[in-house]
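The values are calculated or read from the model by the stated rules, or taken from the named source; none is laboratory data. Being a predicted model, the structure only gives us computed values, none of them experimental. Cβ sites come from the backbone with ideal geometry, for glycine too, and all protein chains shown count toward neighbours.
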Amino acid sequence: MAMEAEAPVIVVAATSQPGGRYILEATDPIWMEPQEELETEIIHNANRVLKEAEEIILKYSNQWAMFYPIWPKFMGV
């Protein structure tokens with residue numbers, strides 16, 4: 001969708017801070033990069049977005065929750 005809309009993707013997370021406050025963490029805009037093959041394009045751009053999300057998740061890993069096993073090999077599922 002972002003590719004067709006010519007719009008960037010921005011990963012945003014609200015994180016809990018001391019004192020009952022929250023801040024928003026956001027990445028810089030991630031512009032989709034076209035590839036010759038559609039499947040390659042989807043995987044390439046998804047990996048770029050997930051890499052940015054990973055940095056936020058690692059920074060606030062104690063606040064991360066995922067209700068569905070999307071990485072079962074790492075969760076013993």
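Taking the criterion of being exposed (fewer than 11 other Cβ atoms within 10 Å of the Cβ) and more than 26 Å from Trp64 (Cβ to Cβ), the residues of region 1-14 that qualify are Glu4, Ala5, Glu6.
Within region 30-45, the set of residues being of a type outside the set (Asp, Glu) and either surrounded by 13 or more Cβ atoms within 10 Å (Cβ to Cβ) or in contact (Cβ under 8 Å) with a residue 60 or more places away in the chain (or both) comprises Ile30, Trp31, Met32, Gln35, Ile42, His44, Asn45. Among the residues of region 20-55, those identified as assigned to a loop (DSSP other than H, G, I, E, B) and over 11 Å from the mean Cα position of the chain (by Cα) are Gly20, Asp28, Pro29, Trp31, Met32, Glu33, Pro34, Gln35, Glu36, Glu37.
Does region 63-77 contain any residue that is of a type in the set (D, E, K, R) and not in a strand (DSSP E or B)? Among the residues of region 63-77, at least one is of a type in the set (D, E, K, R) and not in a strand (DSSP E or B), which makes the answer yes.
Would you say Leu58 is surrounded by fewer than 11 Cβ atoms within 10 Å (Cβ to Cβ), modelled with pLDDT of 95 or more and not in a loop (DSSP other than H, G, I, E, B)? Walk me through how you get there before you give the answer.
Numbers: surrounded by fewer than 11 Cβ atoms within 10 Å (Cβ to Cβ): yes; modelled with pLDDT of 95 or more: no; not in a loop (DSSP other than H, G, I, E, B): yes.
Against the criterion (surrounded by fewer than 11 Cβ atoms within 10 Å (Cβ to Cβ), modelled with pLDDT of 95 or more and not in a loop (DSSP other than H, G, I, E, B)), Leu58 does not qualify.
Taking the criterion of being surrounded by fewer than 12 Cβ atoms within 10 Å (Cβ to Cβ) and either touching a Ser or Thr at 6+ places or on another chain (Cβ under 7 Å) or within 20 Å of Ile56 (Cα to Cα) (or both), the residues of region 15-25 that qualify are Gln17, Pro18, Gly20, Arg21, Tyr22, Ile23, Leu24.
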